[in-house]
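**Student:** If you scroll down you'll find the structure; I have some questions about it.
The values are calculated or read from the model by the stated rules, or taken from the named source; none is laboratory data. Being a predicted model, the structure only gives us computed values, none of them experimental. Cβ: placed from backbone, ideal geometry, glycine included. Neighbour counts: every protein chain shown. With ligands, DNA and RNA removed, areas are computed over all heavy atoms of the protein, side chains included. Shrake-Rupley method; radii C 1.70, N 1.55, O 1.52, S 1.80 Å.
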Amino acid sequence: MATALCRGLQGGIFRTATFSSFTRWTSAKHPDKLRTILIQPASYFKKADNARDLQDSSKPLEYSSKINNLETGQAEHDSKQQYLKPNIRPRVKKLVLPRENPSEKLAKIYRQSRTETIYNEAESYDSMADPRGFQQSRPEYKSLCYNSEHTMCISAEEGETLLQKLACIDDLAPADVYEFLEKLSHLPEDHIDRLKSNKHFEKLCSRSMEVLQLYTHGDLICILHALVPLKASVSRPMLKAYEEEFSRRVWYLSTNELLLVADMWRCLSYSVPKFLAIMYSYMHLRCMDLNLAQAIQLIYIIGEGRHAPEELMEKLEAVVLRYLQAINLEEIGTICLGYFKTGHGLSEYLMRKFGDRVVENINDISNYALVNILKMFRFTRVDHMDFFKRVGQVARDRIPNMGIQGIMHMTLSFSSMHVLDEDLMNTVASVIPDRVSYCRSKDIAKLLWSFGILTYNPPNADIFYSALINEIYKNLQEFKTFPEHFLTCLMALAFCQRFPLDLIEVALSEEFLIQSTKISMYELKKDLFTIAGSVEIECPEYTGKTISPELRQEVTEMLINFSNQDIYVKEEALEAASMLEILLEGAEFVKHHMILPHTRSKDLEVHFDMNNKPIPLKANVKVAQSKKKPIGIQVTDDLMSRLLNKNQTPGDAKSSSRAKSTTKITEDLLSRLTTREKLTKIPATEVTKLAIQVTNRNHYCYGRKRLLGLHDMKRRQLRKLGYVVVELPHWEWYPLSKRSQSEKLSYLHHKVFGSLERVR
């Protein structure tokens, strides 16, 4: 029986029944200034305890969850009221509340303020500083990274004086250009922003572009350093000119100088693909000569650029292996993030070594580095269970201090590997409702998806899901901008037997479909098809918009074509089909197909009558598959014409006799030649339909007999449609592959007919 969760918006939530800087540079008077610059101490960057991913390509395929009932006691009921918005306001008596004690009121305000401060600290994330935390671990990084600590700071008045002096110089020498740029870079940040509209500063920038080629390599590096704090006021054409000049000089710079320049481009937040491409060619030739700090810094630069040649990444992994014993935990996090962002995997051997290091020293690793390592385990699919178990053990203490995006990536990593850690999931579910406002559409989608794949219901399931669903309503416009996240949410909720019908109607509308055509339509069409099919079966009262019959047919054909490709054909399922045909004495009794196309996978369908006799499912069975023996007659149009012509004339007697000499014409032969084999119509109430599923370990949580979301939902829907689901689980069927045919048939007989006896 369905349960409706009331909402303020039309449609409600239908829920089905619950199942079990640098120092100052001068001219040639100080030739060793560049060396001084290169060894300046690195700035302090805080180590973040949360993680944020700028791009994520991994898309898990299967998820599901169950639900607890709403009625779980008055205390829980009261805590839900901030999320559940009933349509009807009940009558209540006006209560006279006692005046609040001033000291208690102050204490309450303090507690709320403290809670908000904790949340804000956890959610604070600096996309420039946080990924650079590893640079604190070794002094060698000082010469490879931009240093933001200035040796001096000038006032706004001094800045105005510099600009006035600049206005009086008509022809700036190259050294003068840098002199002004370097000094202006020490202005307060708010005054630097004003330089963008200053015509004298524009004149300075234009002159710097004219004299670029006159600078030595060291001079040019120092000027780029001065531009970093001035980035808000520097034009893109100017930065483009500098990229061109540095690209021309790559082969003349040292490894340290190149890594420093690349790091400064990163701090300028300016994309330099040409410079990086040439630098990667340089590094490819010198890769095996890199020291540890150079290799880690290069991997960091590559990750921020999000692209590098495969050959270079392979060589860098060899360098990492060479320094494996000396690499620290924060550097491991940097390596994993760099490879993750570029879409390059690491070997299973290296990932297991990384996992071992984390298991032994988990108390010494930052949350940021830990989440990055989890991302790479998710990407490489390495099942290091000791690692996941140890991370799960510290989750309760770490998750409350993580930002939402770090929490999302940790949860997604576990669920993508199909690892169910109940303590971790419970902790995540407990912190999300109070911090849901920090969630982006992507975070909501991935969190719901993670709980869906594992079919896990946390103790506060109703509060957890209500908080996330309410946030979808609040940010519906954002979700429409990212339709893939919107459909992910609805799919995951369907796995959990929760159906926000008004949101579903938005997704199934023609307007949403048209708006969604701008991105990957194949995946979206599959999701729309799955949602529409699920609503029809599980929400029979839904009368809102739905997808067109044409779209259903299009997606069905696509899914069938994909399922017939060799890569998707499962040998264990084909063998089961073959054995069933032998058991039931005919291929016509077994149909291997998508019983529910919207659930995207095939099963074996078999029907039986009241006497447990199989019923044919295929109307046109080939003669070779029939139990009747062929009689060797070639049936031609001429023969059929003569056989059907009952009013033969005497002139036809000769030809008729020739036909008779070929074979004896009987009523039985005539009947068999002129009629097609027809299926016997049996009342539906007398038919027992079996859906026989051949499952494998990818259908289950890791190490558990717990179905994942999509498969759990399919089984639930098959039962709603009257099918008896019979499973041939991999732990039973796979071992039989090496056994005799009689043993396989005996097993199938027990499974099939044993199921029939139980339902009669």
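**Student:** Got a number for carbon plus sulfur as a percent of segment 370-454's accessible area, 1.4 Å probe? Write out the running numbers ahead of the final one.
**Tutor:** On the way: 860 of 2130 Å².
About 40 percent, which is the carbon plus sulfur part of the accessible surface.
**Student:** Give, as a single signed number, the net charge of other residues whose beta carbon lies under 15 Å from the beta carbon of K570, with Lys and Arg counted +1 and Asp and Glu -1.
**Tutor:** -3
**Student:** Highest first, please rank the peptides 343-349, 304-310, 466-472 by the mean number of other Cβ atoms sitting within 10 Å of their residues.
**Tutor:** Details: 343-349: 15.9, 304-310: 17.4, 466-472: 22.3.
Highest-to-lowest ranking by the protection proxy: 466-472, 304-310, 343-349.
**Student:** With every protein chain kept in place and ligands, DNA and RNA left out, what is the accessible area per residue of segment 380-424? Probe 1.4 Å, answer in Å².
**Tutor:** Here the per-residue accessible area is 32 Å².
**Student:** Using the basic label-point model (7 angstrom from Cα toward the beta carbon), what is the A326 to I537 distance in nanometres?
**Tutor:** Between A326 and I537, the simple spin-label model gives 5.9 nm.
**Student:** Now a separate question. Going down the list K570/K705; K442/K545; K389/K720; K526/K705; K389/K446; K526/K689, which pairs span over 29 Å between their C-alpha atoms?
**Tutor:** In this structure, K389/K720 lie more than 29 Å apart at Cα.
**Student:** Something else about it: What does the charge add up to near K591, with Lys and Arg as +1, Asp and Glu as -1, over the other residues with Cβ less than 13 Å from its Cβ?
**Tutor:** -1
**Student:** Right, something else. How much solvent-accessible surface does R704 expose, in Å² to the nearest 10, with a 1.4 Å probe and all protein chains in place?
**Tutor:** 100
**Student:** Turning to a different aspect of this structure: Sort 241-251, 210-220, 361-371, 729-739 by packing, meaning the average of other beta carbons within 10 Å per residue, with the highest value first.
**Tutor:** The packing order, highest mean first, is 361-371, 241-251, 210-220, 729-739.
**Student:** Once the Cβ-Cβ distance between L745 and L476 is put in as r, and R0 is 45 Å, what FRET efficiency do you end up with, to the nearest 0.05?
**Tutor:** Plugging the Cβ-Cβ distance into 1/(1 + (r/R0)^6) gives 0.20.
**Student:** Further question: Assuming 0.36 nm per residue, please report the length gained on full extension of the stretch L551 to M209 beyond their Cα-Cα distance.
**Tutor:** Working: separation 342, 0.36 × 342 = 123.12 nm, distance 5.67 nm.
So the extension gain works out to 117.5 nm.
**Student:** For a quick check of understanding: with a 1.4 angstrom probe and all protein chains in place, what accessible area in square angstrom does L707 have, to the nearest ten?
**Tutor:** 20
**Student:** With charges set only on the Cβ (+1 for Lys and Arg, -1 for Asp and Glu), what does the dipole of segment 143-225 come to about its Cα centre, in debye to the nearest 20?
**Tutor:** Roughly 180 debye, rounded to the nearest 20.
**Student:** What relative contact order, as a whole-number percentage, does segment 219-367 give when Cα pairs under 8 Å and 6 or more residues apart are counted?
**Tutor:** Relative contact order here is 21 percent.
**Student:** Shifting gears a bit: Go through S155, S197 and list them by solvent-accessible area, largest first, probe radius 1.4 Å. Walk me through the numbers on the way to the answer.
**Tutor:** Working: S155 45, S197 100 Å².
In descending accessible area the options line up as S197, S155.
**Student:** Tell me, what is the percent relative contact order of segment 156-207, built from C-alpha pairs under 8 Å that lie six or more residues apart?
**Tutor:** It rounds to 48 percent for segment 156-207.
**Student:** Assign unit charges at the C-beta atoms only (+1 for Lys and Arg, -1 for Asp and Glu), then state the dipole size of segment 484-625 relative to its Cα centre in Debye, rounded to the nearest 20.
**Tutor:** Dipole of segment 484-625, to the nearest 20 debye: 120 debye.
**Student:** Gain in length, M385 to K613, computed as 0.36 nm per residue apart minus the alpha-carbon separation, to one decimal in nm?
**Tutor:** 77.3 nm
**Student:** Starting with the highest mean, order 440-449, 716-725 by the number of other Cβ atoms within 10 Å, averaged over the residues of each peptide.
**Tutor:** Top to bottom by mean Cβ count within 10 Å: 440-449, 716-725.
**Student:** For E310 and F562, FRET efficiency with R0 = 35 Å and r from the beta-carbon atoms, rounded to 0.05?
**Tutor:** After rounding to 0.05, the efficiency reads 0.80.
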